[in-house]
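To keep things clear, I will list the structure first and then write my remarks on it.
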Amino acid sequence: MASGKSTALAALADLGAATISSDAVVHELLGSDEVRDAVAGRLGDEVIGTDGALDRAAMAGKVFASDADREWLEQLLWPRVRERVAAWYAALDGVPAAVVEVPLLFESGQEAVYDHTITVVAEEDVRAERAGGRGHEAVEGRTGRQLSQDEKSQRADFTVRNDGTREELKAELSRVLATIGRD
């Protein structure tokens, strides 16, 4: 969390890669009537806002507090996310690279689906500052189930540091794309 995955995804798009964010797909799914109704059925009507949409903060409070509810939500969403990403990928034609941002890639066991994996890492104080700037509680509170950055780096094909400028990040990602392109 807050390592700069979305910034890296935007940089990869700037470099010519086709990109999709599984977080964005999740947000779309959470806006659907089907998912809203399933979540409310499981977690209660208090996760529905006055506008009739899911109150994501209320939902997050419940799922981060209960392993059973979090696992249930993941089982509801992850198959749907995989279907949407597969449909996106099938529609691509003639792109130099296709990049999918998957925040819980290794934790969800999805890494084998992809040809290469890239982990974006940043110093803990940088991550905490970014998370705080977005109104998230401390990084540790939301990342308890996630692998550490070191574990992700060990499992990934490429590790990209995102402690510097966007230009430095983009240059490092350009080198990764060039390496992948030779495969």
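Structure above, values below:
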item: Meets criteria (more than 24 Å from Gln154 (Cα to Cα), touching a helix residue (DSSP H, G or I) at 6+ places or on another chain (Cβ under 6 Å) and either assigned by TED's automatic domain parsing to the domain that holds Arg166 or touching a residue at least 24 places away in the same chain (Cβ under 8 Å) (or both)) for Arg56; result: no
item: Qualifying positions in the stretch 111-148 - at pLDDT 85 or above and not aliphatic (A, V, I, L, M); result: Glu111, Tyr114, Asp115, His116, Thr117, Thr119, Ser148
item: Qualifying residue in the stretch 86-103 (condition: in a loop (DSSP other than H, G, I, E, B), among the small types (Gly, Ala, Ser) and either modelled with pLDDT of 90 or more or touching a strand residue (DSSP E or B) at 6+ places or on another chain (Cβ under 8 Å) (or both)); result: yes
item: Index of the failed condition, Ser108 passing every other in (1) outside the structural domain of Val160 (by TED's automatic domain parsing); (2) in contact with a Phe, Trp or Tyr (Cβ under 8 Å, 6 or more places away or on another chain); result: (1)
item: Breaking point among (1) over 16 Å from the mean Cα position of the chain (by Cα); (2) at positive phi, for Gly109; result: (1)
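The values are calculated or read from the model by the stated rules, or taken from the named source; none is laboratory data. All values reported here derive from a predicted model rather than from experimental measurement. Virtual Cβ from ideal backbone geometry, glycine too; neighbours counted across all protein chains shown.
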